[in-house]
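Reading through the structure tokens given below for one structure.
The values are calculated or read from the model by the stated rules, or taken from the named source; none is laboratory data. Treat the numbers as computed from the prediction; the structure is a model and nothing was measured. When we count neighbours, we look across all protein chains shown, and the Cβ atoms used for this are built from the backbone with ideal geometry, even at glycine. Only protein heavy atoms, including side chains, enter the accessible area calculation; ligands, DNA and RNA are left aside. Shrake-Rupley method; radii C 1.70, N 1.55, O 1.52, S 1.80 Å.
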Amino acid sequence: MLNPHLKNYTILLASGSPRRQQFFKDMHLDFEVRLKEVDEIYPEHLKASEITDFLAKLKADAFQDELAPNDILVTSDTIVWHNGKALGKPKDYDDAFRILRALSDSTHEVYTSVCFRHNGKTDIINEVTKVTFAHLSDEAIAYYLDNFKPYDKAGAYGIQEWIGIIGISKIEGSYSNVVGLPVQKVYEYFTTFGKNS
């Protein structure tokens, strides 16, 4: 449904995440994947969505002077925010175990920011979702890590996977945001972009 509005543009998704790529397919968007390595380092004083806004823009900046006039570059970043700290992707098994144990029996926020860049203009949208885990036993955490190896996921879990199905007792806000992309807001942005550009 969006493609007629965007037929004169090339959408570039700068994400290696299969989940984000699938969301773009599910929105029936024509897009290309274009990747660049970026050191995801941010100033320590930033908090919550300030971090994801900064990193999404940083990823877009890596494409400076490489975009054609009809390109729409899309970059994004997701973090889990728990007890005043950002939880990114786990470094290893022990780190993932520690993260999941901390998330057990508590509520955290998932922040995702999406940066759109077109013709030198930058727009950033973000979304927050509250997620509550019930008690996760050490056995359940070990089983999940052994079988799903969630080392590419912020907060060391995928809500769509086993741990989310058996462990999450409550979610407030966008489900797709926790997976890695606030799809409704992205779709809305493209709808507006297509009609006003």
**Prompt:** Each residue of region 123-135 in order: what ³J(HN,Hα) in whole Hz does its phi give by Karplus 6.51 cos²θ - 1.76 cosθ + 1.60, θ = phi - 60°, with x for Gly and Pro?
**Reply:** 10, 10, 10, 9, 9, 10, 10, 8, 10, 10, 9, 6, 5
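Hey, got a sec? Which GluC sites (Glu not before Pro) in region 1-106 land in a DSSP loop and have at most 10 other Cβ atoms within 10 Å?
Working: sites: Glu32, Glu37, Glu40, Glu44, Glu50, Glu66; in loops: Glu37, Glu40, Glu44, Glu66.
Sparse-neighbourhood loop GluC sites (Glu not before Pro): Glu37, Glu44.
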**Request:** Quick one: order Ile165, Ile79 from most to least accessible surface, probe 1.4 Å.
**Result:** Ile165, Ile79
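With a 1.4 Å probe and all protein chains left in place, how much of the accessible area of the chain comes from carbon and sulfur atoms, in whole percent? Walk me through the intermediate numbers first.
Values: 4970 of 10060 Å².
Carbon plus sulfur share of accessible area: 49 percent.
Just the accessible area per residue of region 56-197, please: how many Å² with a 1.4 Å probe? Don't skip to the answer; put the middle values down first.
Working: 6570 Å² over 142 residues.
With all protein chains present, region 56-197 gives 46 Å² per residue.
So what's the back-of-envelope 222 nm ellipticity for the chain, counting only DSSP H runs of four-plus at -39500 (n - 2.57) apiece and dividing by all residues, rounded to 500? The partial results should precede the final answer.
On the way: 7 runs with 69 residues, N = 197.
Here the helix-only value at 222 nm equals -10000 deg cm²/dmol.
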**Prompt:** What FRET efficiency would be calculated for the residue pair Tyr175, Asn8, taking the C-beta separation as r and a Förster radius of 30 Å, to the nearest 0.05?
**Reply:** 0.40
**Interchain or long-range residues, amide H under 5 Å from Asn70's placed H** = none
**Complete:** To the nearest 10 degrees, the tilt of helix 138-148 (Cα long axis) against the first principal axis of the alpha carbons of the chain is 40 degrees
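Please identify every one of the GluC sites (Glu not before Pro) in region 102-183 that sits in a loop by DSSP and has no more than 16 other beta carbons within 10 Å of its own beta carbon. Walk me through the numbers before you get to the answer.
Details: sites: Glu109, Glu127, Glu139, Glu161, Glu172; in loops: Glu161.
Passing both the DSSP loop test and the Cβ count: Glu161.
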**Asked** For region 66-145, what size does the Cα cloud have along each of its three principal axes, sorted from largest down, in whole Å?
**Response** 53, 23, 18
**Prompt:** Anyone know which of Gln64, Gln184, Gln21 comes out most mobile in the 10 Å Cα GNM of the chain?
**Reply:** Gln64
**Prompt:** Tell me, how many Å apart are the Cα centres for region 151-183 and for region 24-75?
**Reply:** 21 Å
**Item:** Charge dipole (debye, nearest 20) of the chain; +1 at Cβ of Lys and Arg, -1 at Cβ of Asp and Glu
**Value:** 440 debye
**Request:** Apply the Karplus parameterisation 6.51 cos²θ - 1.76 cosθ + 1.60, with θ equal to phi minus 60°, to every residue of region 83-93 and state each ³J(HN,Hα) to the nearest whole Hz, in sequence, with x for glycine and proline.
**Result:** 6, x, 9, 8, 10, x, 6, x, 6, 6, 4
**Request:** In nm, give the distance between the simple-model label positions of Thr192 and Asp92, each being 7 Å from the Cα along the Cα-to-Cβ direction.
**Result:** 4.5 nm
**Selected from Cys115, Tyr42, Ile168, residue furthest toward positive end of dipole (the chain; charges at beta carbon)** = Cys115
**Item:** Calculated from backbone phi, Karplus (6.51, -1.76, 1.60) coupling profile of region 6-12 in Hz, x at Gly/Pro
**Value:** 10, 5, 8, 10, 10, 8, 10
